[in-house]
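Novice: There's a structure below that I have some questions on.
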Amino acid sequence: MKTAILRVLLYFIFLSMPAISWPANRLNILIIVGDDWGGPYASAYTGIYGHTSPSNIVKTPNIDRIARNGVLFKNAYVNAPSCTAARSSIFSGRYFFNTGGGAFLNGHWDFSIPTFPLLLHDAGYHIGKTYKTWSPGVPIDAPFGGAVHAYQKSGLLPGKFSRNVTDLMTKGMPLQQAKQVIFNQVSANFDTFLAARKPNQPFLYWFGPTNTHRSWARGSGKALWGINPNRLKGKLRRFLPDVPEIREDMADYLGEIQALDAYIGLLLKKLEDIGELDNTLIVATGDNGPGGFPHGKWNLYDFGVATPLMIWLPHSKGGRIVTDFTTLMDLAPTLLDIAGVPHPPKMNGRSLLSLLRSSKSGQIDPLRTFAITGEERHVATSREDSLPYPARALRTSNYLYIRNFAPERWPMGCPFIFKAPPVIPWVFMEMDPSPTKDWIITNRTHPNAKTYFHLAFEKRPEEELFDLHNDPGQIINVANKLAYAPIKAQLAKQLLTKLKAAGDPRVMGDGKTFDRPPYTNLRTVTCQDSIPLNWQPNNNP
C-alpha cells in the first residue's frame, strides 16, 4: 500500500516538473504484441519452418524489416497459451504460475509484483499503451498502471480490421478508403502519445492490436488482401483438415496478419519522420497461438505456444537468425537492461541483451537449449466453480514433453453445454468459435474426419512425448513406446526439477493450490451437470 501511494506521489511530482534533458543514450522502446498472432506466421519466416508453410504466402514487409535490421528468434515461446497468463509473464518476467491471480484469464493482479512498464515509468520513461495490454485481467491493465496510460481516443476500429472495413464498404466506401480510415486511427493514437511526452524524454509504447484475435470477416483474406485460399492447399499443418472451409479460414487469419503489418508500418514511418527510429528498440511478438484452430491457443503444442519474435536493437548487427530458446518472460529483464534499471527480485526470466549485441547467428548461449510452458485456467475453466486443466511442457530442439496433471479432465472444455445458469452456448469452450471448429465437430463421425476430432478435443494421457525429427506436427505420442523410455524419463526429470526450483504451486506440497480458493470455489461443475452435445454450427459471416 505504501509503495502504491509513493508511486502516485512521484507521478504527480514528475508531471509538475519542468522539461528535463534526458540522457541521450536512453533508448525508446516500442513493443508490439499482436493478440493471438502465432504460427509463427510472417514472411520473415519463409523457409525457416519448411517451404510448405503459410509464411510463404502472407506478406509482411514491415515485420520483415524489423527482422532484417535486428534478430529473428526461431525458438521463441509464450510462457502460457492464454492472453492474460502470457501477458502477466511478459510484464513481470516471471513464469506465469508465479504471478498469482495473473496466471488465469480474468484473474486479479497482485500489486506486490513489480512490472517492467511501471519500473520504467519510475525511472523517468513516458509510458503509454494502445488497445489490448493485459485485459481481461482485473483491474484492467493493472500491470501497466491502468487506463491512465491509455492512448486510443482517436479510435478503436483497428481492433476488428476486416469486420470494420467490410462494414464501411457496405456503406459505399471504396476498399482503399475504408482501409485508410482505420490506418488513420492507428497513426493518430501514436501521435497523441508522442505529443504527451516531455522534450527528449525516452518513451515506452505498447501497441496491442486485437484484429488477429477472432472474429474476422469470413472471406476477408481474399476480398481485402487478395490471398487466394487455394494457395494454401498442401500448406496446412497435419492436424488441420485440408479442405476449402479451413483453407479459407486460414487465409482470413493471414489477412489480419497483413493488416497488423500495415499498422506496424505506420509506427515505423512515424519514428522515421521524427528522427527517432535509430534511437528506438523495437519488439514484435504475439501472446499465444491462433484461436479457433486445433493445437492453437490453449494448447502446449508448438502451434499454441510458439510465437513470432523479432527484436531490432539500434546500431547492432541485424539480419541474424538466433536459435537460442527463449520465452517471453525474458523480455522484462531485457527491457530493464536497455533502460539501465535494476531487476527486481524473483524474476525468472533472463535478459536477451547479450544475444542482441552479439554479431553471431545460430546458437549463441549454450545454456538456452529448452523452453518451459504451461497452463491452468482459460475460458471454460475461468468459471470460479470449475476446475482448471493443469499441464506443463518442456520443449527442446528434438522433443516436446507434456505432463497433463489431470488427464481425467477435458483439455478443451466439456463436450456438453452447461445446463446450470447462465447457459453457456458453446461446447469445447477452450477453442474459439470458428469455421474450422464447426467443420471438425460437424464432420466428427465421418471416416476421414474422426482423427481430426480426436486430436482436437478428446482427453489426453498423463504424459505426451513427440519426436520432432519424425513428427514435426506433434500428433504421434510416443510416450509409451519402450524405445523412448530413457528420453522420456530424462525430460520428465528435467521438467520437474525446473518447476520445483521455480516454486511452481502445481508441483509443490500436494499440488492442489490452483484447485482451491481463491483460485476456484469448492464446488465444481462437471460434465455430469450438463446436457448432451447439440452442436449448432457458427454461421456468422
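The values are calculated or read from the model by the stated rules, or taken from the named source; none is laboratory data. All values derive from a computational prediction rather than experimental measurement. Cβ coordinates were reconstructed from backbone atoms using ideal geometry, including for glycine residues, and neighbour counts include every protein chain displayed. When the accessible area is computed, the model is the full protein with side chains, heavy atoms only, and any ligands, DNA or RNA have been set aside. Shrake-Rupley method; radii C 1.70, N 1.55, O 1.52, S 1.80 Å.
Novice: Kindly provide the helix-only [θ] at 222 nm of the chain, computed as the sum of -39,500 (n - 2.57) over DSSP H runs of four or more divided by all residues, to the nearest 500 deg cm²/dmol?
Specialist: -9000 deg cm²/dmol
Novice: Computed over the Cα atoms of region 21-175, what is the ratio Rg over Rh, Rh following Kirkwood?
Specialist: On the way: Rg = 18.2 Å, Rh = 18.1 Å.
Taking Rg over the Kirkwood Rh, I get 1.01.
Novice: Work out the FRET efficiency for Q176 and K459 from their Cβ-Cβ distance, taking R0 = 35 Å, and round it to the nearest 0.05.
Specialist: Result of the calculation: an efficiency of 0.10.
Novice: May I ask you to evaluate 6.51 cos²θ - 1.76 cosθ + 1.60, the Karplus curve with θ = phi - 60°, for each residue of region 251-259 and list the ³J(HN,Hα) values in order in whole Hz, giving x for glycine and proline?
Specialist: 4, 5, 5, 4, x, 5, 5, 5, 5
Novice: Can you list residues whose amide H is under 5 Å from L309's amide H, if they're 5+ apart or on another chain and H is modeled 1.01 Å from N?
Specialist: F73
Novice: Still on this model: Using alpha-carbon positions, what is the distance between the centroids of region 295-337 and region 145-179, in Å?
Specialist: 28 Å
Novice: Let me ask something else about it. For S358 and S112 in the same chain, what is the full-extension length gain: residue separation times 0.36 nm, less their Cα-Cα distance, in nm?
Specialist: The span from S358 to S112 would gain 85.1 nm if fully extended.
Novice: Which lysines have a Cα lying under 16 Å from the Cα of K179, excluding residues fewer than 8 positions away in the same chain?
Specialist: Here the lysines satisfying the reach criterion relative to K179 are K160, K171, K222.
Novice: State to the nearest 20 debye the size of the charge dipole of region 137-234 about its Cα centre, where the only charges are +1 on K and R beta carbons and -1 on D and E beta carbons.
Specialist: Dipole magnitude for region 137-234 comes out near 400 debye.
Novice: Right, another one. If you average 1/r over all unlike Cα pairs in region 22-92 and invert the result, what Kirkwood radius do you get in angstrom? Walk me through the numbers before you get to the answer.
Specialist: On the way: mean 1/r = 0.0704 Å⁻¹.
Here the Kirkwood hydrodynamic radius works out to 14.2 Å.
Novice: Right, here's the next one. Could I get the Rg over Rh figure for the chain? Both from C-alpha atoms, Rh via Kirkwood, rounded to two places. Mind dumping the intermediate values first?
Specialist: Values: Rg = 22.6 Å, Rh = 23.8 Å.
Result for the chain is an Rg/Rh of 0.95.
Novice: Quick check for you: with a 1.4 Å probe and neighbouring chains kept, what is the accessible area per residue of the chain, in Å²?
Specialist: So the chain comes to 39 Å² accessible per residue, rounded to a whole number.
Novice: Just to be sure I understand the model, the point goes 7 Å from the Cα along the line to the Cβ. What's the resulting K500 to H315 distance in nm?
Specialist: Each label point lies 7 Å from its Cα, and together they span 4.7 nm.
Novice: Could you give the dipole magnitude of the chain about its Cα centre, charging the beta-carbon of Lys and Arg +1 and that of Asp and Glu -1, in debye to the nearest 20? If you can, show how the numbers build up before the last one.
Specialist: Working: 58 positive and 43 negative charges, 82 e Å.
That gives a dipole near 400 debye.
Novice: Let me ask something else. If the cut-off is a Cα-Cα distance under 21 Å, which lysines reach K360, setting aside same-chain residues fewer than 8 apart in sequence?
Specialist: Cα-Cα hits under 21 Å: K74, K317.
Novice: Please give the length that would be gained between D122 and K59 if that part of the chain were fully extended, namely 0.36 nm times their separation in residues minus their C-alpha to C-alpha distance (nm, one decimal).
Specialist: 18.8 nm
Novice: Provide, in order from the shortest bin, the percent of all Cα-Cα pairs of region 212-365 in each 5 Å bin, continuing until the bin that contains the maximum pair distance.
Specialist: Histogram of Cα-Cα distances, whole percents per bin: 2, 8, 13, 15, 16, 15, 13, 10, 5, 2, 0.
Novice: Within the chain, what percent of beta bridges assigned by DSSP are antiparallel, to the nearest 5? Could the numbers behind the result be given before it?
Specialist: Details: 26 of 53 bridges.
Bridges in the chain that DSSP calls antiparallel: roughly 50 percent.
Novice: For N200 and R444, FRET efficiency with R0 = 56 Å and r from the beta-carbon atoms, rounded to 0.05?
Specialist: E(calc), rounded to 0.05, equals 0.40.
Novice: Here is a follow-up. Each residue of region 229-235 in order: what ³J(HN,Hα) in whole Hz does its phi give by Karplus 6.51 cos²θ - 1.76 cosθ + 1.60, θ = phi - 60°, with x for Gly and Pro?
Specialist: Per-residue couplings from phi come out as x, 5, 5, 8, 4, x, 10 Hz.
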